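Trainee: Supplied in structure tokens, the structure appears directly below.
The values are calculated or read from the model by the stated rules, or taken from the named source; none is laboratory data. These figures come from a predicted structure and were not determined experimentally. Here the Cβ positions follow ideal geometry from the backbone for every residue, glycine too, while neighbour counts run over all protein chains shown. Quick note on the areas: whole protein, heavy atoms, side chains included, nothing else; ligands and nucleic acids left out. Shrake-Rupley method; radii C 1.70, N 1.55, O 1.52, S 1.80 Å.
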Amino acid sequence: MVLVTASQSAKSESILDLMGHRLDQRPVPCLYVGPNKQFVTEQFEPRVVSLFDQAPTLMAKVQRGKKTTKTRKVVAGVPVRLAHAGSSAALKSDPAGLAFVDEYDEMLANVKGQGDPLGLVEHRGDTFADFVCLVTSTPKKGVVHPELDQKSGLAFWGKAPSDDVRESPIWNLWQQGTRHHWCWPCLHCGEYFVPRFDRLRWPEGATATEARENAWIECPRPQCGGVMQDQDKRLLNDRGRYVAPGQTVNANGFVDGEPEKTLTISFWVSGLCSPFVTFGERAAEYIEAEALGDSAMVQRSVNAGFGELYAPGGRDIKEWQQIARRRLPHRFGEVPDKVVRVTAAVDVQKTALYWSKRGWGERGTSWQIESGFLHGYTDQPEVWTDLANVLLDDCEGLHVSLALIDSGFRPDKPEEGWTNVVYEFCRRFKSFCRPTKGYDKLDAPIKRGVGKVTIPGRGTQQEIDIVRLDTDFWKTRLHERLAWPHDQPGGFHLSADATDDYCKQLVSEVRVVAPSGKPEWVKVSRQNHFLDVEAMNEAAGHMIGAQKIPLGMTHAGEKAAKPVRPAAPAEPTPQMPAMPPRDPWVGRRGWFGR
């Protein structure tokens, strides 16, 4: 069983209730595991003793004397072991029929080289056929988005790739289970919804003090928008229901259907549902943390206050769905009329090349022409032949003017005399390919230098141009483009064939500023290749002068026709010999053409 929720939501009290009930009704050895020794001995153990002393039916069953210690009790003839995650001996000492793992996300991933503490605990139940382990915690870092369930109409947390929530083991466990959500009914329309941070409201521009007094919950349905105050919370919880994907709930609170069949039953409860903390207090804590600009405080507010994953960089991360809305009707390989130049960028990995071609038009407006990846070991020549074919393929008559290729890859064990494969590729296609190196910070967005590559079979070296990029500048520029208005020059547009994965990768990192003032790009998803690719394309567009392309320029190299005001009648002039029309590209091929 897995329970994910905020602080002050009675997790520990629930553990004590379950432990006491089992010891009283059907005694079985119990094991409790806390995050550290101090928590177990100073906070939890006194509460266990209080439980045994206050419950009349347990009081007489507690064995007193020398066999009772701080970390081992005997009740109704069975042991109750209190252990912490840092002690492998305590986790392996006694068998258990019922185990509790508290604040799992705070535990060591490896206990003295003997593995995950949860794995050690689960083996304590091998001799009990009805062994159950309850795991609770507030979550930590990760990226997950609500997804509308078509069957129930509820916005459940979607399943995220394990890498996106790898810093929150409890969330990984939770999403492998049934994923029950605690739902409330709207007191106005009667429809159920999942309360979470995005339903919390306070007056625009309110201070923490003002938000504490005036925060409320808003129904997510636009046609309702009903307001619920903190005094309604008890009624909301009384009518609340657990609903999982695969189930529905009607206005009378009747839950129908079956959740996904798994070995784990899992529950998530928002911190907004806590009877001990008001809506206003949750809002005030978040506003104060945001105002101070302290990411650690913001994370604590999101994790402990709302029971939700914290995405580094705050809650204003661009949703990938917003990026997906930039898709236009043109398909991969088709070139919009306003495209004048084409660039390409390539991110090099050990077993794949991620690439994208981008067309450029008036005032730096760009369109995705085509994107993809080529599988193959990049220390072998085959995949580079495929890349050459991609880059040399024209786009409706337009060729790639400039291709930037990341040169940071090196084999795990480079052979003697090994030559950087990117340098060698760019030497072969030196007319339009440039290797790049990314730096966290440079004194200029782009700096050009010279490198040397050994020509195979000759033993001689040849100089090649190397482009050094300030990655912070170009990733920031890309994210600014993602927020650019669609209908204005300088926009960033996608093809209709742009995949959801491509859109997600564009926002796979967020920019945070450390207390020292140094900007850092933090991964919220392991797959970030197309973010790097399109950041390089932004630099390539700047290098070819895309921002200087005149308004109205079209794919054919002509300006769109403009209305001309009729000229005033002029005095007759002598006829001059007719001159042939001037080609607008004459003398400019080096700028507009390859």
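Trainee: Across segment 297-329, which residue is farthest from residue 283 (Cα to Cα) among those that are hydrophobic (A, V, I, L, M, F, W, C), open to solvent by 10 Å² or more (accessible area, probe 1.4 Å) and modelled with pLDDT of 90 or more?
Mentor: Applying the filter and picking the extreme gives 328.
Trainee: Which residues, taken from segment 209-245, are assigned to a strand (DSSP E or B) and among the basic types (Lys, Arg)?
Mentor: Residue satisfying the conditions is 241 alone.
Trainee: Determine whether residue 308 is in contact with a helix residue (DSSP H, G or I) (Cβ under 6 Å, 6 or more places away or on another chain) and part of a helix (DSSP H, G or I).
Mentor: Spelling it out, it is not the case that residue 308 is in contact with a helix residue (DSSP H, G or I) (Cβ under 6 Å, 6 or more places away or on another chain) and part of a helix (DSSP H, G or I).
Trainee: Output yes when any residue across segment 151-169 is within 20 Å of residue 7 (Cα to Cα) and open to solvent by 20 Å² or more (accessible area, probe 1.4 Å), and no when none is.
Mentor: Scanning segment 151-169, I find at least one residue that is within 20 Å of residue 7 (Cα to Cα) and open to solvent by 20 Å² or more (accessible area, probe 1.4 Å), so the answer is yes.
Trainee: Among the numbered conditions (1) modelled with pLDDT under 90; (2) open to solvent by 60 Å² or more (accessible area, probe 1.4 Å); (3) not charged (D, E, K, R), tell me where residue 332 comes up short.
Mentor: (1)
Trainee: Residues being touching a Lys or Arg at 6+ places or on another chain (Cβ under 9 Å), under 20 Å from residue 139 (Cβ atoms) and not acidic (Asp, Glu): count how many of those fall in segment 263-305.
Mentor: 17
Trainee: Spot the failing condition for residue 245; the list is (1) more than 26 Å from residue 134 (Cβ to Cβ); (2) surrounded by 14 or more Cβ atoms within 10 Å (Cβ to Cβ), and only one is missed.
Mentor: (1)
Trainee: Evaluate the following for residue 282: is it surrounded by fewer than 18 Cβ atoms within 10 Å (Cβ to Cβ) and either within 30 Å of residue 177 (Cα to Cα) or at pLDDT below 90 (or both)?
Mentor: No: the conditions fail for residue 282.
Trainee: Residue 206 is checked against (1) at pLDDT below 95; (2) part of a helix (DSSP H, G or I); (3) aliphatic (A, V, I, L, M) and fails just one. What number does that condition carry?
Mentor: Tallying (1) at pLDDT below 95; (2) part of a helix (DSSP H, G or I); (3) aliphatic (A, V, I, L, M), residue 206 fails exactly one: (2).
Trainee: Next up: Which residues, taken from segment 350-377, are part of a loop (DSSP other than H, G, I, E, B) and surrounded by 16 or more Cβ atoms within 10 Å (Cβ to Cβ)?
Mentor: 361, 365, 376
Residues checked against (1) surrounded by 15 or more Cβ atoms within 10 Å (Cβ to Cβ); (2) of a type in the set (Gly, Ala, Ser); (3) farther than 28 Å from residue 157 by Cβ; (4) modelled with pLDDT of 90 or more:
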residue	(1), (2), (3), (4)
14	yes, yes, no, yes
26	no, no, yes, yes
35	yes, no, no, no
67	no, no, yes, no
71	yes, no, yes, no
91	yes, no, yes, no
96	yes, yes, yes, no
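Trainee: Can we say residue 173 is open to solvent by 20 Å² or more (accessible area, probe 1.4 Å), aliphatic (A, V, I, L, M), part of a helix (DSSP H, G or I) and modelled with pLDDT of 85 or more?
Mentor: Yes; evaluated as a whole, the condition is true for this residue.
Trainee: Here's another thing I want to ask about it. I'm checking my understanding of the structure. Among residues of segment 422-437 that are crowded, with 16+ Cβ neighbours inside 10 Å and touching a residue at least 60 places away in the same chain (Cβ under 8 Å), which one is nearest to residue 512 (Cα to Cα)?
Mentor: Ranking the qualifying residues of segment 422-437, first place goes to 436.
Trainee: Another one. Considering (1) aliphatic (A, V, I, L, M); (2) in contact with a Pro (Cβ under 8 Å, 6 or more places away or on another chain); (3) at pLDDT 85 or above; (4) open to solvent by less than 30 Å² (accessible area, probe 1.4 Å), say which one residue 510 fails and leave the rest.
Mentor: (3)
Trainee: Can you confirm whether segment 195-212 contains a residue that is at positive phi, open to solvent by 10 Å² or more (accessible area, probe 1.4 Å) and not basic (Lys, Arg)?
Mentor: Checking segment 195-212: at least one residue is at positive phi, open to solvent by 10 Å² or more (accessible area, probe 1.4 Å) and not basic (Lys, Arg).
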